[in-house]
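Peer 1: Got a structure for you, questions after.
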Amino acid sequence: MNTETSLFFVALLPPLDIQDYATQIKQYFATHYHSRAALKSPPHITLQPPFGWLNAELPALEECLRDFTSDRTSVSLSLNGFAAFPPRVIYIDVERSTELLTLQADLMAELATKLEIVDRVSKTRPFAPHMTVGFKDLTKQNFRLAWQEFQTRQLYVEFTASCLTLLRHDGKKWQIQSEFGFGGS
């Protein structure tokens, strides 16, 4: 029996032009604030935080996500300015809509019920949708400097997420494993 596991998470990814813009901001953080950690994943909105999963059981995970998305519709999202989780994280703020909150809660419930994937930390705090641009390796001093610069920076973008994305850690960074279109597309 193959007992090798990988780390996975489930997210919504914006269209490529918005990903490119967010990656430019991440690169700015790397250059100006020595925070490179956010560059280890494509710009995304996490719905199910990272979890370990047996590689041999990947088909069951993908089938569960395919079933989950098959009867759902695309999700309208709005990115509005910047916010922070002091003292280390700065992110592009994602407006909390009923549609997004319901999708996230339903996904976590589905994964918990069908596959026993449970994120204990998420159960203790409300879902705060965001797109990280600086974190983990952002020093407290650089956090303060970056936050002074970004807290009033304007940004407003709307887009529609047409699929869920399963990402897998390859040992160095997060890669797209598979995508599951809403409505079975």
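The values are calculated or read from the model by the stated rules, or taken from the named source; none is laboratory data. Just so we're clear, the structure is a prediction, and the values are computed from it rather than from any experiment. Cβ atoms come from the backbone with ideal geometry, glycine included; neighbour counts cover every protein chain shown. Calculation scope for accessible area: heavy atoms of the full protein, side chains included, ligands and nucleic acids excluded. Shrake-Rupley method; radii C 1.70, N 1.55, O 1.52, S 1.80 Å.
Peer 1: Per residue, what volume in Å³ does the Cα convex hull of region 1-83 take up? Before the final figure, lay out the partial values.
Peer 2: Numbers: hull volume 10.3 nm³, N = 83.
Measuring per residue, one finds 124 Å³ for the Cα hull of region 1-83.
Peer 1: Which net charge results when you count Lys and Arg as +1 and Asp and Glu as -1 among the other residues whose beta-carbon is under 13 Å from that of T23? Can you show the working numbers first?
Peer 2: Details: positive: K26, R36, K40, K173; negative: D17, D20.
Charge balance near T23 sits at +2.
Peer 1: Would you work out what percent of the accessible area of the chain, with all protein chains in place, is carbon or sulfur (probe 1.4 Å)?
Peer 2: Numbers: 4860 of 9820 Å².
The computed percentage sits at 49.
Peer 1: If you don't mind, there's one more thing I want to ask. Enter the angle in degrees (range 0 to 90, nearest 10) between the Cα long axis of helix 98-115 and the first principal axis of the Cα atoms of the chain, meaning the one along which they spread out most.
Peer 2: 50 degrees
Peer 1: Does region 38-92 classify as rounded, prolate or oblate by the C-alpha gyration tensor (a ≥ b ≥ c root eigenvalues; a/c under 1.5 gives rounded; else a/b over b/c gives prolate, otherwise oblate)?
Peer 2: Values: a/c = 3.37, a/b = 1.52, b/c = 2.21.
Oblate.
Peer 1: Among L164, Y91, V118, pick out the residue whose Cα is farthest towards the positive end of the charge dipole of the chain, where Lys and Arg carry +1 and Asp and Glu carry -1 on C-beta, about the Cα centre.
Peer 2: So the residue we want is Y91.
Peer 1: Considering only the chain, what is the antiparallel percent among its DSSP beta bridges, to the nearest 5? Before the final figure, lay out each step's value.
Peer 2: Numbers: 33 of 33 bridges.
Of those bridges, close to 100 percent are antiparallel.
Peer 1: Output the 0 to 90 degree angle, nearest 10, between the alpha-carbon long axis of helix 16-33 and the longest principal axis computed from the alpha carbons of the chain.
Peer 2: 50 degrees
Peer 1: If you count, for each residue, the other Cβ atoms within 10 Å and average over each peptide, how do 38-45, 58-65 line up from highest to lowest? Write down the numbers at each step before the final one.
Peer 2: Working: 38-45: 19.5, 58-65: 15.9.
With the highest mean Cβ count within 10 Å placed first, the list reads 38-45, 58-65.
Peer 1: For the chain, give the magnitude of the charge dipole about the Cα centre (Cβ charges: +1 Lys/Arg, -1 Asp/Glu; no others), in debye to the nearest 20. Could the numbers behind the result be given before it?
Peer 2: Details: 18 positive and 20 negative charges, 196 e Å.
Charge dipole of the chain: 940 debye, to the nearest 20.
Peer 1: Treating only the Cβ of Lys, Arg, Asp and Glu as charged (+1, +1, -1, -1), what charge dipole size does region 1-109 show about its Cα centre? Round to the nearest 20 debye.
Peer 2: On the way: 7 positive and 12 negative charges, 115 e Å.
Charge dipole of region 1-109: 560 debye, to the nearest 20.
Peer 1: Let me cross-check R36: its accessible surface, 1.4 Å probe, with only protein heavy atoms counted, in Å² to the nearest 10?
Peer 2: Looks like 130 Å² after rounding.
Peer 1: Going by alpha carbons, how many degrees (0 to 90, nearest 10) lie between the helix axis of 140-150 and the longest principal axis of the chain?
Peer 2: The two axes meet at around 80 degrees.
Peer 1: Let me ask you something else. How do V118, V10 rank by accessible surface area computed with a 1.4 Å probe, from largest to smallest? Walk me through the intermediate numbers first.
Peer 2: Details: V118 65, V10 0 Å².
Largest to smallest exposure gives the sequence V118, V10.
Peer 1: Given a 1.4 Å probe, how much area per residue of region 1-71 is accessible, in Å²?
Peer 2: On the way: 3410 Å² over 71 residues.
Accessible surface, normalised per residue, equals 48 Å².
Peer 1: Related question: Taking the chain, how many lysine pairs are there with alpha carbons less than 23 Å apart, if each pair must be eight or more places apart or span two chains?
Peer 2: Lysine pairs meeting both conditions in the chain amount to 13.
Peer 1: Over region 75-185, what number does the Rg to Rh ratio reach, with both radii from the alpha-carbon atoms and Rh per Kirkwood? Numbers along the way, then the final one.
Peer 2: Values: Rg = 16.0 Å, Rh = 16.1 Å.
Rg/Rh for region 75-185 comes to 0.99.
Peer 1: If you don't mind, another one. I'm a student and want to see the number: the projected area of the Cα convex hull of region 49-131, averaged over all directions, in nm². Kindly include the intermediate steps, with their values, before the conclusion.
Peer 2: Values: hull surface 26.1 nm².
Spelled out: convex hull of the Cα atoms, projected over all directions, averaged, 6.5 nm².
Peer 1: A follow-up question, please. If you bin every alpha carbon distance in the chain into 5 Å steps from zero, what whole percent lands in each bin?
Peer 2: 1, 8, 16, 20, 20, 16, 11, 5, 2, 0, 0
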